[in-house]
1. Can you give the calculated 222 nm mean residue ellipticity of the chain, where each DSSP H run of n ≥ 4 adds -39,500 (n - 2.57) and the sum is split over every residue, rounded to the nearest 500 deg cm²/dmol?
2. So how much slack lies between Arg308 and Lys79, counting 0.36 nm per residue of separation and subtracting their Cα-Cα distance, in nm?
3. Say we join alpha carbon atoms closer than 10 Å with springs in a Gaussian network model of the chain; which of Glu114, Glu123, Glu33 then has the biggest fluctuation?
4. Tell me whether the stretch 45-267 comes out rounded, prolate or oblate; compute the Cα gyration tensor, take square roots of the eigenvalues as a ≥ b ≥ c, and use a/c under 1.5 as the rounded threshold.
5. Most exposed first by the Cβ proxy, i.e. fewest other Cβ within 10 Å, how do Glu278, Glu248 rank?
6. Using +1 at the Cβ of each Lys and Arg and -1 at the Cβ of each Asp and Glu in the stretch 181-315, identify which of Val185, Tyr243, Ile225 lies farthest towards the dipole's positive end.
7. Nearest 5 percent is fine: what portion of the DSSP beta bridges confined to the chain is antiparallel?
8. Once you place label points 7 Å from the Cα toward the Cβ at Lys199 and Ser57, how far apart are they in nm?
Amino acid sequence: MGRQRRLCQICKQKGQRRESVVYMKEHRLALCEEHFKEWFERRVRETIKEFKMFKPSERVLVAVSGGKDSQTLWFVLNKLGYDADGFFIDLGIGDYSEESKQKVLELGKILGKEPKIVKLEQELGAPLPVVQNLVMGSACSVCGRIKRYHFNKVARELGYRVVATGHNLDDEASSLLANVVNWNVKYLARKYPVLPEEKGFPRKVKPLVKLTEEQIRLYADLSGIPYTDRSCPMGDTANLHFYKGIMEQIENHARGTKYRFYFEYLKKIFPIFNSLKEELVKGELRRCTVCGEPSPSEVCFVCKLRERIKEKSPS
Ligand SMILES: [Zn+2]
Ligand SMILES: [Zn+2]
């Protein structure tokens, strides 16, 4: 991407001269604001169709964090005419959560849709910073598990069979790289832009996988989508940034590699790992005896946490 003074190629075809707002090197494409937005929206629609993510008649629950990717996803799905609702988990991480929630509420107003908000403190009895002190593992992995649990639960309770997340091409290519470097085959067997409904879990979809971070930011800015640029103060993102940096270096060395690396993986390698999924992803899922959610153990991770928080808090 770059912002050289070029003319929009689509306008040019129509015999008009309009300056471009973007030049996408990997597509050799310069577009004006109107045609960039059109291009972006078409790309999302094509991704949804190509991977059979959901039909226009299906209600979609969008996991929104207040950041540019998920906010853009919620916005663009509505613009494309899908019935998409926002769902936000208030983790209780001070100003950060407060600002994120405000952005979600702001976008809800623009879309004329009330976001669904779950407050972790009410669900678990404590906000994330307290929860984090009670368990082993990084804040991100604990937070990830808590979020997934609630997406599944809320989706089922409210009758959504599809949950959408704002993962973009940069996220997917760099996490693929990290998992290949570490031969994390369990993860590779499940790395796909759509995961089918199974064992009490809703379908999981990632409609922004063909778009880069830069493209999403430009679309959000041009469309006036509210979002926060703050990253989570509890997050340890050093590893993620490291692999994103490497991926960017490879991309700068050979344009289009990022896209090829991910989409050729999906086409050529994923089917092989996926056919071995039963062997790779061991452990049957059963139902948690406390809350009834799918869980690999008798009592699920979140119910165990809730118990521990109760024990620790003076009554
Ligand atoms: Zn144009
Ligand atoms: Zn449970």
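1. Here the helix-only value at 222 nm equals -15000 deg cm²/dmol.
2. Values: separation 229, 0.36 × 229 = 82.44 nm, distance 4.36 nm.
Gain on extension, Arg308 to Lys79, equals 78.1 nm.
3. Result: Glu123 has the largest fluctuation of those listed.
4. Rounded is the answer for the stretch 45-267, as its axis ratio a/c remains below 1.5.
5. Numbers: Glu278 9, Glu248 14.
Least crowded to most crowded, the residues run Glu278, Glu248.
6. Farthest along the dipole direction, towards plus: Val185.
7. So the antiparallel bridges amount to about 40 percent of the total.
8. 3.0
Values in this text are rule-based calculations from the coordinates and carry no lab data. Keep in mind it's a predicted model, so treat the numbers as computed, not measured. Methodologically, a virtual Cβ is constructed for each residue, glycine included, from the backbone with ideal geometry; neighbour enumeration extends over all protein chains shown.
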